[in-house]
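Beneath this line is the structure, given in structure tokens, with notes to follow.
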Amino acid sequence: MNETLKEAKIRSRMMPGALTITGFLGNDERPLAEIIAADEQELKRLHRSVEEITNRMKYFSNASFDVYNNTIVIDDTYEVHTDTNKGTLTCPYGHGGLYRKYVTTVTNRKNNLTVRWNAMDIHLIEAHHFFEGKGSPYRLEPEILVKAIFS
């Protein structure tokens, strides 16, 4: 699969140093469309939609905002904590919008899985079905994410 000119521009904004220090791709050299298609296939296998996942991520982040920099336990299963930072992030896809800098951490007490995300991750998954490239320090593996937030 060859990348279009538009995808090449997006990819350049995803490289380390363009919008973030680490970038969004890790060591994944596949075209963006291929990365996204593989993750969409994984979601089908897991019987989960992008909408279900991002709604759940927003739920946990919003619940933890209410206890500002403290940990909250939800349903006796999920330990949720959000660290807030100054500043915003811009979407590498080049459309408008700024996304708050924060990191929400969810640990599932039943299976001991821990996942972390920020507002940009939610946006990238929700709007672009992009979980970041393999090897990216902020990649959210769909299977691990689903097991962590839905068990």
Residue tally, condition surrounded by 14 or more Cβ atoms within 10 Å (Cβ to Cβ) and of a type in the set (Ser, Thr, Tyr), over region 1-21:
1
Reported set for region 23-44 where residues are in contact (Cβ under 8 Å) with a residue 60 or more places away in the chain and exposed (fewer than 13 other Cβ atoms within 10 Å of the Cβ) is ASN27
Let me confirm something: among ALA119, ALA18, which residue is at pLDDT below 95, within 17 Å of LEU145 (Cβ to Cβ) and either among the aliphatic types (A, V, I, L, M) or more than 17 Å from the chain's Cα centre (by Cα) (or both)?
ALA119
Six or more apart or on different chains, Cβ atoms under 8 Å: show the pairs whose first residue is in region 134-148 and under 15 Å from ILE122 (Cα atoms) and whose second is part of a loop (DSSP other than H, G, I, E, B) and of a type in the set (Phe, Trp, Tyr).
TYR138/PHE24; ARG139/PHE131; LEU140/PHE131; GLU141/PHE131; PRO142/PHE131; LEU145/PHE131
(1) surrounded by 12 or more Cβ atoms within 10 Å (Cβ to Cβ); (2) touching a helix residue (DSSP H, G or I) at 6+ places or on another chain (Cβ under 9 Å); (3) not small (Gly, Ala, Ser): which one isn't true of GLU51, the others all being true?
(1)
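The values are calculated or read from the model by the stated rules, or taken from the named source; none is laboratory data. Here the structure is a predicted model, which means the values were calculated and not measured. All Cβ positions, glycine included, derive from the backbone under ideal geometry; neighbour counts span all protein chains shown.
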